[in-house]
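What follows is a single structure, written as structure tokens, with notes after it.
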Amino acid sequence: MKCYMVIISAPSGAGKTSIANYLLRKNPNLEFSVSATTRKPRGSEVNGKEYYFISVNEFREKIRNGEFIEWQEVYENQFYGTLKSEVERIWGKNCHVVFDVDVEGGINLKNIFGTRAISIFIMPPSVKDLEERLISRATEDRSKIRMRVEKAMEEMKLASQFDQIVVNDDLDRVQNEVYKIVDSFINERC
Ligand code: 5GP
């Protein structure tokens, strides 16, 4: 089986992690690419599951050693990156890779993998809705939420660079829609 890449990008709080998790539950041939990050674990997050939590120094060393396919300083002093070793690990299991990355990272990964990848932009129904979701998630303080909303407004301008745009106005419907998009992308090729 040839391995394909599924890139899910969205502004923070637009629901992409729930969508990525849904895809992973429904299709055992998909596997999540665990990114490295310098941000601290939130809530019940576990090292090696949601992220590899590393220090800024370790992150910089990995940049110097060329260990990343792509990386971004998503927020000031918060680095996130896709490790080459992670993608190779998943390919080694003969699985398709699911990336949950920020919008610039998504565009970069699509440029790298070309027709082997499908890039999907999850659009929040509105900026107000996004802000409310971040507030109700209650994982960040108000100033961090403001930072995320401002970044989201910039990111939404880049949506047209993705293969597909899906508006997250109803999580159940959207999960299904994204699942169908991914399923037909893979089935057309396998
Ligand atoms: P969070 O802190 O909410 O987990 O993630 C913040 C943002 O960083 C999200 O948009 C998430 O998709 C993105 N992100 C996570 N991993 C990566 C990565 O490896 N590369 C890039 N470019 N962004 C990432």
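Specify whether the C-alpha gyration tensor of the stretch 38-93 places it in the rounded, prolate or oblate class, a ≥ b ≥ c being the square roots of the eigenvalues: rounded for a/c under 1.5, otherwise prolate if a/b is larger than b/c and oblate if not.
Numbers: a/c = 2.07, a/b = 1.14, b/c = 1.82.
Because a/c hits 1.5 or more and a/b fails to exceed b/c, the stretch 38-93 counts as oblate.
Treating only the Cβ of Lys, Arg, Asp and Glu as charged (+1, +1, -1, -1), what charge dipole size does the stretch 6-94 show about its Cα centre? Round to the nearest 20 debye. Walk me through the numbers on the way to the answer.
Values: 13 positive and 11 negative charges, 57 e Å.
Around 280 debye, computed over the stretch 6-94.
Let me check against my output: what whole-number percent is the relative contact order of the chain, with C-alpha pairs under 8 Å and at least 6 apart? Working shown, then result.
Values: 294 pairs, mean separation 61.4, N = 190.
With pairs under 8 Å counted, the relative contact order is 32 percent.
In debye, nearest 20: dipole of the chain around its Cα centre with unit charges on the Cβ of K, R (+) and D, E (-)? Display every interim value, and only then the final one.
Numbers: 28 positive and 29 negative charges, 70 e Å.
That gives a dipole near 340 debye.
Compute the separation of the alpha-carbon centres of the stretch 55-112 and the stretch 114-175 and state it in Å as a whole number.
Value for the Cα centre distance between the two parts: 20 Å.
Is the chain rounded, prolate or oblate when judged by the Cα gyration tensor, a ≥ b ≥ c being the square roots of its eigenvalues, rounded requiring a/c under 1.5 and prolate requiring a/b larger than b/c? The partial results should precede the final answer.
Numbers: a/c = 1.60, a/b = 1.08, b/c = 1.48.
Oblate, since a/c reaches 1.5 and b/c is not below a/b.
If you plug each phi of the stretch 89-100 into the Karplus form 6.51 cos²θ - 1.76 cosθ + 1.60 with θ = phi - 60°, what whole-Hz ³J(HN,Hα) values come out, in order, with x for Gly and Pro?
So the J values, rounded to whole Hz, are 4, 6, 4, x, 8, 6, 10, 7, 9, 9, 9, 10.
Order the peptides 97-110, 52-65, 157-170 from the highest to the lowest mean number of other Cβ atoms within 10 Å of their residues.
Numbers: 97-110: 22.0, 52-65: 13.6, 157-170: 15.4.
Descending mean neighbour count gives 97-110, 157-170, 52-65.
Going 7 Å from the Cα of Gln161 toward and past its Cβ, which residues in the stretch 1-38 have a backbone nitrogen under 18 Å from where you end up?
Only 6-12 fall inside the zone, counting backbone N under 18 Å.
Can you order the peptides 1-12, 123-134 by their average number of other Cβ atoms within 10 Å per residue, highest first? Present the calculation step by step, with values, prior to reporting the outcome.
Values: 1-12: 21.6, 123-134: 16.4.
Result, highest mean first: 1-12, 123-134.
At 222 nm, what value in deg cm²/dmol follows for the chain if DSSP H runs of at least 4 each add -39500 (n - 2.57) and the sum is divided by all its residues, to the nearest 500?
On the way: 7 runs with 85 residues, N = 190.
So the calculated ellipticity at 222 nm is -14000 deg cm²/dmol.
Less than 11 Å Cβ to Cβ from Met1, Lys/Arg counted +1 and Asp/Glu -1: what total charge do the surrounding residues give? Don't jump to the answer; show the numbers that get you there.
Working: positive: Lys2, Lys93, Arg189; negative: none.
Within the 11 Å Cβ shell, the charges total +3.
Picking from Ile145, Val56, Gly92, whose Cα lies most toward the positive end of the charge dipole for the chain (charges on Cβ: Lys, Arg +1; Asp, Glu -1)?
The Cα lying farthest towards the positive end belongs to Gly92.
Under the rule a/c < 1.5 gives rounded, and otherwise a/b versus b/c splits prolate from oblate, where does the stretch 128-190 land using the Cα gyration tensor?
It comes out prolate by the Cα gyration axes.
Every read-out reported here was derived from the displayed coordinates using simple, explicitly stated rules and does not represent laboratory data. Computed from a prediction, not measured in an experiment: that's the story for all the values here. Cβ atoms come from the backbone with ideal geometry, glycine included; neighbour counts cover every protein chain shown.
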